[in-house]
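Each remark here refers to the structure printed beneath this line.
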Amino acid sequence: MNAKKVQHTVGSGQDAKKTKWIVGRGSATVKIYLTPHGGKNYFTLSYWLEGKRKRQVFPTLQAAKDEAAVKAVAFTNGDLGAAKMTNADSAAYSRAVALLQPVGAPLELAASEYASAVKRLGAVSLSQAVDFYLKRHPANLVSKMVGEVVEEILKVKADDRLSPRYLKQLKYDLARFGNRFHGRLCDVRGTDVDAWLRDLGVGPRTRNNLRNSVQALFNFGIARKYLPKDHDEMDAVPMAKDHDGEIEIYTPDEMKELLEVASPEHVPFLAISAFAGVRHAELQRLDWANVSRKAEIIEIKAGMAKTASRRVIPILPNLAKWLSPHWRDVGKICSFANMALQFVELTRRVNEKRRTAWAGATGASADDLKAADKVAAQRLAKLTRNQRRSRGTVMPGAETAKDEAWKPFLWKHNALRHSFISYRVADIQNVAQVALEAGNSPQMIFKHYRELVRPAAAKDWFAIKPKS
């Protein structure tokens with residue numbers, strides 16, 4: 001520490017400009033020196049006893065002056081018994097001073113910090129604590145703030161040309177994470193992440209998606225050496241049990257209803273999802289050039305696949321019939337930027353058709369339908385926005401279903417793809433082949449899709465064809 005900084009850290013008045021003090025009592029004098037260490041100021045008492053120089057370190061100047069006065073009085077009175085040591089004590093002192101010499105720490109300071117550490121650590125040894133710290137803070141570890149790493153990962157993922165949908169979701173998830181955690185990435189603890197996810201009050205699927213995005217951020221930090229290789233904080237963040245995420249499929253009759261109300265723009269998307277199992281995100285990137293009428297295959301290239309690996313799916317006979325009126329040489333198969341809105345519209349159409357059929361079967365008049373609409377509108381007006389959007393509360397077009405006692409049509413998450421896989425396994429009884437077609441692992445297919453449906457239902461599913 002330079003002289004200028006010392007003047008601002010010793011104290012006030014004359015002492016603020018000094019680095020050395022002398023305390024005298026009678027004929028004896030004791031010297032005090034300013035001895036900065038580790039960014040802090042300490043004050044070392046220095047005196048001679050039996051031909052050897054002695055030192056004592058104090059955290060404040062006043063404490064050092066008080067002890068210097070006591071020592072000076074003792075020297076004047078000849079009362080040196082308290083300062084004398086046995087041969088064993090003297091040898092221990094010499095060894096301790098020698099051990100501390102390489103680090104330049106006074107013996108008293110080392111003893112003080114050691115005693116404090118032992119009290120705070122309890123049963124854990126000081127060496128264990130140091131090992132733990134060094135394991136998580138290696139010497140070559142780069143300290144980065146959470147916000148900095150979030151910006152880096154988003155840029156790298158964009159440069160890697162990952163799908164816009166994935167990038168949008170990752171950006172949204174990590175923005176929520178960054179709003180909660182502002183410090184260094186290496187200081188984020190898994191228990192804090194778990195508590196944050198639970199406090200959000202989101203559903204199991206959303207919670208797991210957020211967890212996956214945070215895991216991606218930590219993995220990126222490990223790769224960039226912002227975190228140690230064995231960083232395991234996410235082990236303390238369990239996956240939420242997603243009971244709503246159980247496999248749901250459509251019956252052949254439900255699929256017929258969907259296709260009957262679909263507009264021509266909807267048909268290729270619905271048919272390829274239901275009868276080839278192509279993921280929605282993949283379908284939105286799929287081009288007619290990848291659908292070969294001659295070879296009777298759909299090629300999902302590595303760049304458009306979720307798993308980043310190419311796969312080929314056969315065009316089954318009923319799918320060929322659905323695609324025949326819509327076939328083009330090139331161009332996007334899906335013309336909609338937001339298919340979620342189209343799913344809402346399709347659900348509304350199916351439910352309106354079901355209500356019309358119910359009214360015809362029960363003889364409900366137009367006035368009866370208007371009265372039911374009015375009651376439903378009053379009930380819905382009392383719900384919050386989140387309640388209205390909650391699954392099962394209100395399906396589009398089915399606002400009056402509960403009052404009128406008819407069964408509404410529900411849009412089921414990923415049910416088109418799940419239906420294809422389930423019926424395809426039941427139809428050909430070959431898990432490995434279906435895994436290749438669907439872009440899943442055989443273990444995943446075997447665990448979630450085997451025995452969901454019977455072979456007879458599978459025959460009905462793949463017999464769904466357009467009306468002549």
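The values are calculated or read from the model by the stated rules, or taken from the named source; none is laboratory data. Every value quoted in this text rests on a predicted model; they were computed, and no experiment measured them. All Cβ positions, even for glycine, are placed from backbone atoms using ideal geometry, and neighbour counts span all protein chains on display. Side chains included, ligands, DNA and RNA excluded: accessible areas come from the protein's heavy atoms. Shrake-Rupley method; radii C 1.70, N 1.55, O 1.52, S 1.80 Å.
For Lys467, list the lysines whose Cα falls under 20 Å from its own Cα; do not include residues on the same chain fewer than 8 positions away.
Lys256, Lys321, Lys353, Lys459
Of Ile298, Ala426, Ala240, which is farthest along the charge dipole of the chain in the positive direction, counting Lys and Arg as +1 and Asp and Glu as -1 at C-beta?
After comparing all options, I get Ala240.
Enumerate the amide H contacts of His37 below 5 Å, restricted to partners 5 or more residues apart or on another chain; note that Pro and chain-start residues carry no placed amide H.
Residues meeting the amide H criterion: Tyr42.
Starting from 0.36 nm per residue, how many nanometres of slack lie between Ser441 and Thr19 once their C-alpha separation is accounted for?
Fully extending the segment from Ser441 to Thr19 adds 144.6 nm.
At what distance in nm do the modelled label points of Leu107 and Ser365 sit from each other, each positioned 7 Å from its Cα along Cα→Cβ?
Result for the modelled spin labels: 10.8 nm.
How far apart, in nm, are two points set 7 Å out from the Cα along the Cα-to-Cβ line at Val70 and at Val312?
According to this spin-label approximation, the distance is 9.1 nm.
Distance cut-off 28 Å, Cα to Cα: go down the list Lys168/Lys294; Lys171/Lys241; Lys171/Lys407; Lys18/Lys144; Lys171/Lys225; Lys155/Lys412 and report the pairs above it.
Violating the 28 Å limit, Cα to Cα: Lys168/Lys294; Lys171/Lys407; Lys18/Lys144; Lys155/Lys412.
Among the aspartates and glutamates, which have Cα under 13 Å from the Cα of Lys402 when same-chain residues fewer than 8 positions away are ignored?
Asp373
As an exercise, identify the chymotrypsin sites (Phe, Trp or Tyr not before Pro) in the range 274-366 lying in DSSP coil whose Cβ has no more than 15 other Cβ atoms within 10 Å.
Counting only loop positions with at most 15 other Cβ atoms within 10 Å, the chymotrypsin sites (Phe, Trp or Tyr not before Pro) in the range 274-366 are Trp327, Phe336.
I need the calculated FRET efficiency for the pair Arg55 and Asp235, taking r as the beta carbon distance and R₀ as 56 Å, to the nearest 0.05.
Computed FRET efficiency for Arg55 and Asp235 comes out at 0.70.
Per residue, what accessible area does the chain have, given a 1.4 Å probe and all protein chains present, in Å²?
On a per-residue basis, the chain sits at 59 Å².
Could you tell me the relative contact order of the chain? Use alpha-carbon pairs under 8 Å, at least six residues apart, and round to a whole percent.
Dividing the mean separation by the residue count of the chain yields 10 percent.
Residues with amide H under 5 Å of Ala240's amide H, sequence separation 5 or more or different chain, H placed in the peptide plane at 1.01 Å from N; which?
The answer is Asn208.
What residues from the range 169-195 fall in the zone where the backbone N is under 14 Å from a label point 7 Å along the Cα-to-C-beta line of Glu148?
Answer for this model: 182-187.
Which of the helices in the chain, when you take each full DSSP H run, stretch at least 18 Å along the axis at their Cα atoms and have an average Kyte-Doolittle score of 0.0 or higher?
61-77, 87-100, 107-121, 146-159, 415-428
Between Leu99 and Ala158, how many nm apart are label points set 7 Å from Cα along the C-beta direction?
Computed distance between label sites Leu99 and Ala158 equals 5.6 nm.
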